[in-house]
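Colleague: The structure follows.
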Amino acid sequence: MEKFTIYTGKAVPLMNDNIDTDQIIPKGFLKQVDKAGFGKHLFDEWRFLEDGSPNPEFILNAPDRKTATILISGENFGSGSSREHAAWAIQDYGFKAVIAGSYSDIFYMNALKNGLLPIRADQSVRHFLSQLPADQAITIDLPKQEIVTNDASFAFQIDPTWKEKLVNGLDDISITLQYENEITAYEQSMPSYE
């Protein structure tokens, strides 16, 4: 997993509440098991018109928002089914973090396990961030647990264990591999039953 320490990027506001996983990545696109390639279908039913052309009214299609890598949203983000593909699609599209009021528990864990930073922020913070010009950068400082703009900074909370994993780029496999020598020694100490 890629380390997440201090990240600076542009934001896009999608302030809907109750954005569920079927809206994030519709079920018709869940036919592959590789994590790559889901981004092109992110918010598919909102991003595209029935003829497949980009919906000019959807904010992710706005020319000044196409390079956004921080998604700002409403309450209860990622509700619905437990599909891990939702976190994959958001990351594959290019987002590094989501700032929402609350998350479904399963989506929140899927995001963390895949290195996508889900930040919980009050409505006033999200409103402030959503009003920033499209070209203004936002910095997320995970070690300090701060969201920083040109004019303000906002603290956020995260479980210390997940913070350590993200800052050090550690997923479950890499944590296990830290004990590779001990595992190998244990396996070598076991009797052979050949």
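The values are calculated or read from the model by the stated rules, or taken from the named source; none is laboratory data. These numbers come from a predicted model, not from an experiment. Reconstructed Cβ throughout: ideal geometry from the backbone, glycine too, with neighbour counts over all protein chains shown. To get the accessible areas, we keep the full protein, side chains included, count just its heavy atoms, and leave off ligands, DNA and RNA. Shrake-Rupley method; radii C 1.70, N 1.55, O 1.52, S 1.80 Å.
Colleague: Using θ = phi - 60° and the Karplus relation 6.51 cos²θ - 1.76 cosθ + 1.60, list the HN-Hα couplings for region 129-137 in order, rounded to whole Hz, with x at every Gly or Pro.
Modeller: Couplings: 5, 5, 8, 5, x, 4, 8, 8, 7 Hz.
Colleague: Which number do you get for Rg(Cα) / (2.2 N^0.38 Å) in region 44-114?
Modeller: The value comes to 1.16.
Colleague: Here is a follow-up. Hey, can you grab everything whose amide H is under 5 Å from the amide H of Asp17? Only 5+ residues off in sequence or another chain; H modelled, so Pro and N-termini drop out.
Modeller: Under 5 Å from the amide H of Asp17 lie the amide H atoms of Glu75, each far enough along the sequence or on another chain.
Colleague: How far is it, in nm, from the label point at Asp171 to the one at Ser82 when both lie 7 Å from their Cα along the line to the Cβ?
Modeller: The answer from the label model is 1.9 nm.
Colleague: Which cross-chain or sequence-distant (5 or more) residues have an amide H under 5 Å from the amide H of Ile72, H modelled 1.01 Å from N in plane?
Modeller: Under 5 Å from the amide H of Ile72 lie the amide H atoms of Val12, Leu14, Ile99, each far enough along the sequence or on another chain.
Colleague: Rounded to a whole number, what is D in µm²/s for region 74-194 from Stokes-Einstein with the Kirkwood radius over alpha-carbon pairs (20 °C, 1.002 mPa s)?
Modeller: 129 µm²/s
Colleague: Name the most mobile residue of Asp44, Asp159, Asp122, meaning the one with the largest mean-square fluctuation, in a Gaussian network model of the chain with Cα contacts below 10 Å.
Modeller: Asp159
Colleague: Can you give me the accessible area per residue for the chain, using a 1.4 Å probe, in Å²?
Modeller: Ligands and nucleic acids excluded, the figure is 55 Å² per residue.
Colleague: What figure, in Å² to the nearest 10, do you get for the accessible area of Leu49 with a 1.4 Å probe and non-protein molecules left out?
Modeller: Here the accessible area works out near 80 Å².
Colleague: Nearest 5 is fine: what % of DSSP beta bridges in the chain come out antiparallel, could you say?
Modeller: 50 percent
Colleague: Whole Å is fine, so just give me how far the alpha carbon centre of region 126-155 lies from that of region 159-194.
Modeller: 36 Å
Colleague: Using θ = phi - 60° and the Karplus form 6.51 cos²θ - 1.76 cosθ + 1.60, what ³J(HN,Hα) does each residue of region 158-170 get, whole Hz, x for Gly and Pro?
Modeller: Per residue, the Karplus-derived 3J(HN,Hα) values read 8, 4, x, 5, 5, 4, 4, 4, 5, 4, 9, x, 9 Hz.
Colleague: Listed highest first by mean packing, meaning other Cβ atoms within 10 Å per residue, what order do 4-13, 111-120 come in?
Modeller: Put in order of decreasing packing, that is 111-120, 4-13.
Colleague: Could you work out what % of the accessible surface of the chain is carbon and sulfur, using a 1.4 angstrom probe and leaving DNA, RNA and ligands out of the count?
Modeller: Summing carbon and sulfur atoms, their accessible area is 50 percent of the total for the chain.
Colleague: Moving on. Over 27 Å between C-alpha atoms is what I'm after, so list which of Lys35/Lys163; Lys27/Lys165; Lys3/Lys31; Lys3/Lys40; Lys31/Lys163; Lys66/Lys165 land there.
Modeller: Lys27/Lys165; Lys3/Lys31; Lys31/Lys163; Lys66/Lys165
Colleague: Which log10 I(q)/I(0) values does region 1-135 give at q = 0.11, 0.19, 0.20, 0.21 Å⁻¹ under the Debye formula, counting every alpha carbon as one identical point scatterer?
Modeller: -0.35, -1.14, -1.27, -1.41
Colleague: Return the tail of the calculated pair distribution for region 1-78, meaning the percent of Cα-Cα pairs more than 15 Å apart.
Modeller: That tail contains 65 percent of the Cα-Cα pairs.
Colleague: Additional query: Can you work out the Karplus-derived ³J(HN,Hα) for every residue in region 138-143? Use 6.51 cos²θ - 1.76 cosθ + 1.60 with θ = phi - 60°, whole Hz, and x for glycine or proline.
Modeller: 10, 10, 10, 9, 5, x
Colleague: Let me ask something additional. Roughly how many nanometres apart are two label points built 7 Å out from the Cα toward the Cβ at Ala62 and Glu187?
Modeller: Result for the modelled spin labels: 5.3 nm.
Colleague: Another question, then. Return the long-range amide H neighbours of Phe48 (sequence gap of 5 or more, or a different chain), with a cut-off of under 5 Å between placed amide H atoms.
Modeller: Asn55
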